[in-house]
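Visitor: Please see the structure below; I have some questions.
What follows is calculated from the coordinates using simple rules that are stated; it is not laboratory data. On a predicted model such as this, the values are computed, not experimentally measured, just so you know. Note that we place each Cβ from the backbone using ideal geometry, even for glycine, and neighbour counts take in every protein chain shown.
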């Protein structure tokens, strides 16, 4: 009987030891977490005077911790892309387009894509402030920053100006977003407007009409400029022809003048020859000092 009792007692001890072993193995395995490459691990104390995020940001690799008093969060350090669109099949099933009010009180909407990453050594500070994972911050805190930036910039322009200066609006808004995000520990790589700005139809029709009118006026100006250029070309051509004729006339006059001078001298010599009777000149007086020309 004693032997049977001892056997049962030993069995219970064995089972108890097995349970303890299993608990120990589970505890040890759960107290080790591997931080993937491209992430930082944040050690969060759940109890005690050190409750919160420790100052040390864990590197990639294995992190050992007490699962009963500590939690480990992973924050990605590689570039993240978030999209806010009206399309329910892109980004989120909800309509996440941005809507801003212009200087003239009209509402303009548009879709946006942003690439960003966590600044070096800022993951702990971000978690301390918001106590939320990055996926949550994407669609709340960051969206709010972006909306404030877009509203700040759009308030400087009318709807028509915003439509015509889309690139300027995008660049100014991107700079505002970068300023906001930098202060919060993020690095913004790029912010892009994905589609055309969506304005009220009446505004778009009015803008299109003005653009069409400007194009027509520009075309007429170009036609007038072309006609002026052609007219100036003809004037220059006429001037060139007149100048060439003047030069030609001067050359001919100079030629005729020289020809006339040459002919006159030859004619004089010819007349002399005609009047000569074939006799040599006669000299009279002492020593032949007087010459008598023959007639």
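Visitor: In nm, to one decimal, how far is the modelled label at residue 152 from the one at residue 19, with both set 7 Å along Cα→Cβ?
Guide: 6.1 nm
Visitor: Provide Rg over Rh for the stretch 80-199; use the alpha carbon set for both Rg and the Kirkwood Rh (inverse mean inverse pair distance).
Guide: Over the Cα atoms of the stretch 80-199, Rg/Rh equals 0.98.
Visitor: If you don't mind, there's one more thing I want to ask. By count of other Cβ within 10 Å, fewest leading, how are 255, 116, 65 ordered?
Guide: Sorted ascending by nearby Cβ count, the order is 255, 65, 116.
Visitor: Next up: Provide 89, 39 in ascending order of the number of other Cβ atoms located within 10 Å of each residue's Cβ, fewest first.
Guide: Ascending number of Cβ neighbours within 10 Å: 89, 39.
Visitor: Quote the FRET efficiency, to the nearest 0.05, computed for residue 36 versus residue 109 with a Förster distance R0 of 30 Å and r equal to the Cβ-Cβ distance.
Guide: The formula returns an efficiency of 0.20 here.
Visitor: Want the number for residue 46 to residue 167: 0.36 nm per residue separation, take away the alpha-carbon distance, what's left?
Guide: Taking residue 46 through residue 167 to full extension adds about 38.8 nm, to one decimal.
Visitor: Same structure again: Return the distance in nm (one decimal) between the two label points of a simple spin-label model at residue 78 and residue 64, each offset 7 Å from Cα along Cα→Cβ.
Guide: Label at residue 78, label at residue 64, 2.9 nm between them.
Visitor: Something else: In whole percent, what relative contact order does the stretch 119-214 give with Cα contacts below 8 Å and a gap of six or more residues?
Guide: It comes to 33 percent, rounded to a whole number.
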